[in-house]
Amino acid sequence: MAERFEVLVGGEWRARGQLGELPDINPADTSETVAVFPALSAGEMREAVEAAATALQGWRTLSPVARGAILLRAAERIRERAEDIARDLVREMGKTLQEARGEVSRAADFFQYYGALGRLPVGDHLPDGRQGVFAYTVREPIGVVVAITPWNDPVLTPARKLAPALVSGNTVVLKPASLTPLSAWQLVRALDEAGIPKGVVNLVVGPSSEAEKVLLEHPAVAGITFTGSTQVGMEIARRAASRNVRVQTEMGGKNALVVMSDADLDLAVDLAVAGGFGQAGQRCTATSRVIVETSVLEAFRAKLVERVRHIRVGPGLDPASTMGPVVSEDQLRKVLEGVERAVAEGAELLSGGRRLTGEPYDRGYFVAPTVLDRVDPTSFVAQEEIFGPVLALLPAADLDEAIALVNGTRYGLSAGICTRSLATAHAFASRVEVGCVSVNLPTVGWDVHVPFGGFKESGSPFKEQGLPGLQFYTRIKSVAMQVQ
């Protein structure tokens, strides 16, 4: 029997939902139900929003130091149970245990970092042109925040949103992806055990069709922070704009790694493999295009294909596995359809491009790591996010053409370059239209204090992480008073 878990509404853990139960399936072995959660209706989610609204006044007036202390205690709880949380993450999402351990550690880092920022100054004293006038600004919470999070980083992404929202004095309704609710539950449990007041954090699980009826429309909601597809993020922004609700989105990407002729090719292959096949290519910042200067393309291609042959695909809890499955049958289908379309549009399949079968693959969603060559820059696989273990190789005559190719999509999240030239690195960083630039590093992996977010259709202007990560969750109030 699968273990049954509860959701949190208004400080009360609930074992039942009006829409029955939602199973949490292991993508490496679909015969295993990892957990079962109650599926909430729109009415039950409305209760969560109203509980957050009721709790707001008490939470926002609590000292930021006290709010931060709760986050720090929650970070301790996460670290104490890190191995168990990581193993549950592997079972519900599919990534390798090493990847899951890193994600859980970073989730605790978010709580620790923003918990410490409870002691940060929150305003400024401003000079005033009028004699005897004292002017200052303060930062206030915006109110009730709805956090909608994806399945690909189901511990890290909720932590990235919860920590700055809470330390700033907001209350939160967290709606995790239905494929991976257990990871979010672990974070909310840690906050509950750390002593967060009733109603400040609410965990709701259920169909998106039910959630959107309430979470996007309830008049008490002041902000919506979303990570997921561009299509959904744009629709959320459109609907929220009519009510002047603040929206933060982190959406799709078509991230590129550029390999210049002066690059260390072994390093470049390492970066491409880490960025393209880590987490089975299911990262927002995953490398999906490798743009290689023509003079070294043949040598790079040979090294890459040879390296890909040594990737060990398997269940994430198997120590020998270096790449796990994709998260669901639907995601498997989308990846394979993307590869089929690429070949139909003229790409050459160098490796992978198929579902793996046999033991231990038959019960899971395993895709062979895939490399496509001779990819047309205007083709679907070069323009749209596949979100799977697929790398597309594109040639470039020089840096100018490489930068044009990087910028030649509607996305602008992350890009990297491999070069020994400092001048080339600086030119690339200044000219690419992305929010995150890496030099001789993978396109993935950004520390908690580094501002994170994309340009164009990859996200809204509000950054996540670091000090800028507080801006979405706060508003500035200006005060002037006559004191003489």
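The values are calculated or read from the model by the stated rules, or taken from the named source; none is laboratory data. Keep in mind it's a predicted model, so treat the numbers as computed, not measured. No Cβ is skipped: glycine too gets one built from the backbone with ideal geometry, and neighbour counts run over all protein chains shown.
Among residues of the stretch 66-84 that are closer than 14 Å to residue 102 by Cα, those with a Cβ under 9 angstrom from a residue that is β-branched (Val, Ile, Thr), sequence gap 6+ or separate chain, pair up as 78/85; 78/104; 78/155; 79/104; 81/104; 82/104; 83/104.
Restricting the search to strands (runs of 3 or more DSSP E) fully inside the stretch 325-408 and requiring at least 3 residues that are touching a helix residue (DSSP H, G or I) at 6+ places or on another chain (Cβ under 7 Å) and crowded, with 17+ Cβ neighbours inside 10 Å gives 370-373, 390-396. Whether any residue in the stretch 275-289 is of a type outside the set (Lys, Arg) and within 17 Å of residue 419 (Cβ to Cβ) is what I want to check. Yes; the residues of the stretch 275-289 include at least one that is of a type outside the set (Lys, Arg) and within 17 Å of residue 419 (Cβ to Cβ).
Beta carbons closer than 8 Å, at least 6 apart along the sequence or on distinct chains, pair a first residue in the stretch 279-302 that is under 15 Å from residue 412 (Cα atoms) with a second that is crowded, with 24+ Cβ neighbours inside 10 Å and among the basic types (Lys, Arg) for 288/254; 289/254.
Just the residues that are closer than 18 Å to residue 436 by Cβ and not in a helix (DSSP H, G or I), please, taken from the stretch 260-285. 282, 283, 284, 285 - these are the residues of the stretch 260-285 that are closer than 18 Å to residue 436 by Cβ and not in a helix (DSSP H, G or I). Beta carbons closer than 7 Å, at least 6 apart along the sequence or on distinct chains, pair a first residue in the stretch 30-56 that is outside any loop (DSSP other than H, G, I, E, B) with a second that is at pLDDT below 95 and among the charged types (D, E, K, R) for 35/3; 42/210; 42/213; 45/210. In the stretch 383-404, the residues that are more than 16 Å from residue 373 (Cβ to Cβ) form Cβ pairs under 8 Å with partners that are surrounded by fewer than 17 Cβ atoms within 10 Å (Cβ to Cβ) and β-branched (Val, Ile, Thr), at six or more places apart or across chains, as follows: 397/294.
So is residue 417 outside any loop (DSSP other than H, G, I, E, B), in the same structural domain as residue 309 (by TED's automatic domain parsing), in contact with a strand residue (DSSP E or B) (Cβ under 6 Å, 6 or more places away or on another chain) and β-branched (Val, Ile, Thr) or not? Considered against the rule, which asks whether it is outside any loop (DSSP other than H, G, I, E, B), in the same structural domain as residue 309 (by TED's automatic domain parsing), in contact with a strand residue (DSSP E or B) (Cβ under 6 Å, 6 or more places away or on another chain) and β-branched (Val, Ile, Thr), residue 417 comes out as yes. Look at residue 131 and say whether it is surrounded by fewer than 24 Cβ atoms within 10 Å (Cβ to Cβ), under 20 Å from the mean Cα position of the chain (by Cα) and assigned by TED's automatic domain parsing to the domain that holds residue 463. Taking the combined requirement at face value, the residue does not satisfy it. Of a type in the set (D, E, K, R) and part of a loop (DSSP other than H, G, I, E, B): does that describe residue 24? Judged against the criteria, residue 24 is not a match. Selection of the stretch 433-475 for residues being part of a strand (DSSP E or B) and either touching a residue at least 40 places away in the same chain (Cβ under 8 Å) or crowded, with 22+ Cβ neighbours inside 10 Å (or both) yields 436, 438, 452, 455, 456, 459, 464, 474, 475.
Of the residues that make up the stretch 152-170, is at least one buried (at least 24 other Cβ atoms within 10 Å of the Cβ), acidic (Asp, Glu) and assigned to a loop (DSSP other than H, G, I, E, B)? Yes, the conditions are met somewhere in the stretch 152-170. Going through the stretch 90-135 one residue at a time, which ones are in a strand (DSSP E or B) and either more than 23 Å from residue 478 (Cβ to Cβ) or in contact with a Ser or Thr (Cβ under 8 Å, 6 or more places away or on another chain) (or both)? Passing the criteria: 123, 124, 126, 135.
Selection of the stretch 184-203 for residues being more than 19 Å from residue 15 (Cβ to Cβ) and of a type in the set (Gly, Ala, Ser) yields 190, 194, 195.
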